[in-house]
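What follows is calculated from the coordinates using simple rules that are stated; it is not laboratory data. Just so we're clear, the structure is a prediction, and the values are computed from it rather than from any experiment. All Cβ positions, glycine included, derive from the backbone under ideal geometry; neighbour counts span all protein chains shown.
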Amino acid sequence: MILKIKKINETLDNPLPVYTTEHASGLDVTSSSVNDIIIEPQTTQLIPTNLIIEVPIGYEAQIRPRSGLALKHSIGIINSPGTIDADYRGEMKILLTNFGKEPFTVKFGERIAQMVICKVEHVKIEVSSELSDTARSSGGFGHTGK
């Protein structure tokens, strides 16, 4: 599968998304902000990537947090996973949230998120007066005891 990517500013030398290990499921995405972006505790900042992607029809790009940033700095993605639809052609921007107690600085070229390409199925909605029963039935939050 091919994922077409266009840089908005071709003179900006920000890295393209890349798999950092042979069997990684996510491509690392980097910040393209030439100015440091400080994310204060308990706040969210929109981080530019300088990238527009063309997700193949029938797929989505899921944007997920990086585990190292979460563990070491309490940095996550508030709407995780974020979705980039196959028909979106705007700049990919990442909503980073600082869940920690210290300010966090995002620098140019820093790996800030992972992008996973996933198959999407479209469904047809059918209103029904009856649904099949299951052993769980309507058991919701905490129904198994913990």
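Hey, if you put +1 on the Cβ of every Lys and Arg and -1 on every Asp and Glu Cβ in the chain, which of Gly58, Gly100, Ile77 ends up farthest toward the positive end of that dipole?
Gly100
Subtracting the Cα-Cα distance from 0.36 nm times the residue separation, let me have the gained length for Ile38 to Ser74 in nm, one decimal. Walk me through the intermediate numbers first.
Details: separation 36, 0.36 × 36 = 12.96 nm, distance 1.38 nm.
So the chain would gain 11.6 nm between Ile38 and Ser74.
Mind checking the dipole of segment 72-119: about its Cα centre, +1 per Lys or Arg Cβ, -1 per Asp or Glu Cβ, Debye to the nearest 20?
Roughly 160 debye, rounded to the nearest 20.
What would the Debye equation give as log₁₀ I(q)/I(0) for the chain at q = 0.09, 0.10, 0.19, 0.21 Å⁻¹, counting only Cα atoms as equal point scatterers?
-0.38, -0.46, -1.11, -1.27
Tell me, what is the percent relative contact order of the chain, built from C-alpha pairs under 8 Å that lie six or more residues apart?
30
Is it possible to state the helix-based mean residue ellipticity at 222 nm for the chain, with each DSSP H run of 4+ residues giving -39500 (n - 2.57), the sum divided by total residues, to the nearest 500 deg cm²/dmol? What is it? Let's see the in-between values first.
Numbers: 1 runs with 7 residues, N = 146.
Estimated from H runs of four or more residues: -1000 deg cm²/dmol.
Magnitude of the Cβ-charge dipole of the chain, K/R +1 and D/E -1, about the Cα centre, nearest 20 debye?
On the way: 15 positive and 17 negative charges, 65 e Å.
Dipole about the Cα centre, nearest 20: 320 debye.
At 7 Å along the Cα-to-beta-carbon direction for both Thr134 and Lys107, put a label point, then send me their distance in nm to one decimal.
Distance between the two pseudo-spin positions: 4.7 nm.
So how strong a dipole does segment 1-85 carry about its Cα centre when Lys and Arg Cβ are +1 and Asp and Glu Cβ are -1, to the nearest 20 debye?
100
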